[in-house]
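Only one structure is covered here, and it is reproduced in the block below.
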Amino acid sequence: MSEKKRLTREQIAERAARELPDGAYVNLGWGIPNLIADHLPAGITVYFHSENGILGMGRRAKPGEEDFDLVDAMKVPVTLIPGASFFHQADAHLMTRGGHLDVAVLGAFQVSQRGDLANWKVPGSAGVGAIGGAMDIAAGTKKVIVCMEHTTRDGQAKIVQECTYPLTCLACVDTIVTDLAVIDVTEHGLVLRDLAPGWTAEEVQQLTGAPLKV
Amino acid sequence: MCATLDAAVDAIPDGARIMFGGFGSSGFPNNLIQALVRRGTKNITAISNNCGTRDGELSPLFKSGQIRHVIAAFPGPHSFAFQERHAAGEVTIELVPQGILCERMRAAAAGLLGFYTTVGVATEVAAGKEERIINGQRCILEMPIGADYAFIKADKSDGLGNLTYRLAARNFNPIMAMAAATTIAEVEEVVPVGAIDPEMVVTPAIFVHRVVVAKGIRYV
């Protein structure tokens, strides 16, 4: 089963982009979520928010077009779309914590069946970890989508009953988009909504650490 | 107005608490940081989003051993000088969620004595903090963060210290300017009083105490 084709990181980003409503204000986190801006469906306008004080980020800057006073949360030079605005970091996080953003798309190490999120530190790794804006964004945004690979490199489930990695936020994740499936976190547990081409619900369940309703 | 960078950081004593603006590749007071390395102030508590990137931003102050304690949100993967000092037990760190770092500074600036937030509940960040329930939600008490000095980077200043910023380079700078007892700004250009449209002023001069012109050093 492990030889079966999974979605690439770009394809996960593309699938997650289809979850974004037209006109939404959206924050993108580190990792796969950062690829979403380049994979928006045609005809959809989304106002991307960056924690360093930008609303209305466009695509990444092309070579020669970079301005290093205009970078996203990953330090990548970006562009603006018409209607963009700047503000300071406190107002940027007032938008995240205060529930002003419609959607945040974040990376994750683990998500629990209740939607607990762990995405800032790997246990046993060197160093102190790096929280950045993730706790503010996860705690306050109306809808949190996680984009990640379904399992770790050595095949461990990343969707689990209880997170064992240091927590970012309790019960904040609404939807999980992986290289195998789209799963909603509901009051009644995890609900499998979509499958990657060629995968069955049973196969995805075997690679998931918590029960999935179909 | 200070004639030189060294004059701008003059008289900063050992043990000072200093805020440093900047995020990503933009808005770091890199010239002031280098002046502080030359001055040699020791036992600094640094408050900043990150902990240096490769050779830039706060890294020279970690390399020189001038920072003892840091309050930060994102000690990034390339904060090598910090990582080395931290592993050796020479630097301690308090990790703070980024928006809470902003808000704790803003509380200090606004004369508020703390606030409750849901951010960080049930995480390592909540350790040792008072927890209570407000409107049915678990939340923790966060205390203000003030400082003796803020080192900030702006684009233009007028002769009074009214500041404007360029693009996303404002990031933490306006908040730190408000939260510190003494704010020192390095700017690209000083213009006459009255030359900045009052509607365009981002940081009013009341928050700015020293200004020095220095062309940006940037680490990308």
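Just so you know, all these numbers are worked out from the coordinates, no wet-lab data involved. Computed from a predicted structure; not experimentally measured. Virtual Cβ from ideal backbone geometry, glycine too; neighbours counted across all protein chains shown.
Calculate, in whole percent, how much of the Cα-Cα pair population of the range A:50-202 lies beyond 26 Å.
When all Cα pairs of the range A:50-202 are counted, 35 percent exceed 26 Å.
Rounded to the nearest 500, what is the protein assembly as shown's calculated 222 nm mean residue ellipticity when only DSSP H runs of at least 4 contribute -39500 (n - 2.57) each, over all residues?
Calculated from helices alone, the mean residue ellipticity at 222 nm is -5000 deg cm²/dmol.
Which residues' amide hydrogens lie under 5 Å from the amide hydrogen of B:Thr53, considering only partners 5 or more residues apart or on another chain, with H built in the peptide plane?
Amide H neighbours of B:Thr53: B:Leu58, B:Ser59.
Tell me the label-point distance for the pair B:Glu84, A:Val122, using the 7 Å Cα-to-Cβ offset, in nm and rounded to one decimal.
The two pseudo-label positions are separated by 2.3 nm.
Principal axes first, then extents: for the Cα atoms of the range B:98-142, list largest minus smallest coordinate on each axis, whole Å, largest first.
Per principal axis, max minus min of the Cα coordinates gives 28, 22, 17 Å.
For B:Gln137 and A:Lys213, what is the calculated FRET efficiency with R₀ set at 22 Å and r taken between the beta-carbons, to the nearest 0.05?
Numbers: r = 28 Å, r/R0 = 1.26.
About 0.20, to the nearest 0.05.
How fast does the protein assembly as shown diffuse by Stokes-Einstein, in µm²/s, taking the Kirkwood radius from C-alpha pairs at 10 °C and 1.306 mPa s?
In µm²/s, the coefficient is 71.
Of A:Ile176, A:Ala16, A:Gln156, which is farthest along the charge dipole of the range A:9-213 in the positive direction, counting Lys and Arg as +1 and Asp and Glu as -1 at C-beta?
A:Gln156
With a cut-off of 16 Å, note down the residues of the range B:146-178 whose backbone N falls inside the zone around a label point 7 Å from the Cα of B:Val193 toward its beta carbon.
Counting backbone N atoms under 16 Å from the label point, the list is B:157-163.
Give the average, rounded to an integer, of partner chain Cβ atoms located within 10 angstrom of each Cβ in B:19-28. Please report the intermediate quantities before stating the final value.
Numbers: counts 0, 0, 2, 1, 9, 13, 9, 9, 5, 0.
That works out to 5 on average.
By the scheme Lys and Arg +1, Asp and Glu -1, what is the net charge of all other residues having a beta-carbon under 9 Å from that of B:Tyr165?
Its environment carries a net charge of +2.
Only Cα pairs under 8 Å and at least 6 apart count here; give the relative contact order of chain B as a rounded whole percent.
So the answer I get is 23 percent.
Considering only DSSP states other than H, G, I, E and B, which trypsin sites (Lys or Arg not before Pro) in the range A:1-89 qualify as loop sites with at most 14 other Cβ atoms within 10 Å?
On the way: sites: A:Lys4, A:Lys5, A:Arg6, A:Arg9, A:Arg15, A:Arg18, A:Arg59, A:Arg60, A:Lys75; in loops: A:Lys4, A:Lys5, A:Arg6, A:Arg18, A:Lys75.
Of the trypsin sites (Lys or Arg not before Pro), the ones in loops of the range A:1-89 whose Cβ has at most 14 other Cβ atoms within 10 Å are A:Lys4, A:Lys5, A:Arg18.
Near A:Ile81, within a Cβ-to-Cβ distance under 14 Å, what is the net charge of the other residues, with Lys and Arg +1 and Asp and Glu -1?
Here the charged neighbours net out to -1.
Over all Cα pairs of chain B, how is the pair count split among 5 Å bins, expressed in % and running from 0 up to the last occupied bin?
1, 7, 15, 19, 19, 16, 11, 7, 3, 2, 0, 0
Can you work out ³J(HN,Hα) from phi for every residue in the range B:98-109, in order, using Karplus 6.51 cos²θ - 1.76 cosθ + 1.60 and θ = phi - 60°, giving whole Hz and x for Gly and Pro?
After applying 6.51 cos²θ - 1.76 cosθ + 1.60, I find 4, x, 6, 4, 4, 6, 5, 5, 5, 4, 4, 5 Hz.
Report the full-extension gain for the segment A:Ile44 to A:Arg18: residue separation times 0.36 nm, less the Cα-Cα distance, to one decimal in nm.
Value of the extension gain: 8.4 nm.
Report the relative contact order of chain A, percent, no decimals, based on alpha-carbon pairs under 8 angstrom and at least 6 residues apart.
It rounds to 19 percent for chain A.
In the range A:132-196, which trypsin sites (Lys or Arg not before Pro) fall in coil by DSSP and have 13 or fewer other Cβ atoms within 10 Å?
For trypsin sites (Lys or Arg not before Pro) across the range A:132-196 that sit outside H, G, I, E and B with at most 13 neighbouring Cβ atoms in 10 Å, the list reads A:Lys142, A:Arg153.
I'd like the projected area of the range A:102-183, averaged over all directions, using the convex hull of its alpha carbons. Report it in nm² with one decimal. All intermediate terms of the calculation are to be shown ahead of the outcome.
Details: hull surface 20.9 nm².
Answer in nm², one decimal: 5.2.
Counting only GluC sites (Glu not before Pro) that sit in a DSSP loop (anything but H, G, I, E, B) with at most 13 other Cβ atoms within 10 Å, what is the longest stretch of chain B containing none of them?
B:131-220
Identify unpaired cysteines across chain A, taking unpaired to mean no other cysteine Cβ lies under 4.7 Å from the residue's Cβ.
Lone cysteines by the Cβ rule: A:Cys147, A:Cys163.
Calculate the FRET efficiency for A:Glu203 and B:Leu112 from the Cβ-Cβ distance with a Förster distance of 45 Å, rounded to the nearest 0.05.
It comes out at approximately 0.25.
Taking DSSP loops as anything outside H, G, I, E and B, show the longest stretch in chain A free of GluC sites (Glu not before Pro) there with at most 15 other beta carbons within 10 Å.
Counting at most 15 other Cβ atoms within 10 Å as exposed, the longest clean stretch of chain A is A:66-161.
How much of the DSSP beta bridge set in the protein assembly as shown is antiparallel, as a percent to the nearest 5?
Just about 40 percent of them are antiparallel.
What net charge do the residues around A:Thr45 carry, taking every other residue with its C-beta under 14 Å from that of A:Thr45, with Lys and Arg at +1 and Asp and Glu at -1?
Every neighbour counted, the sum reads -1.
Amide H neighbours of B:Asp158 under 5 Å, at least 5 residues apart or on other chains, H built in the peptide plane: list them.
B:Val191
For A:Leu195, what residues show an amide H to amide H distance below 5 Å, using hydrogens built from the backbone and excluding near sequence neighbours?
Amide H neighbours of A:Leu195: A:Val182.
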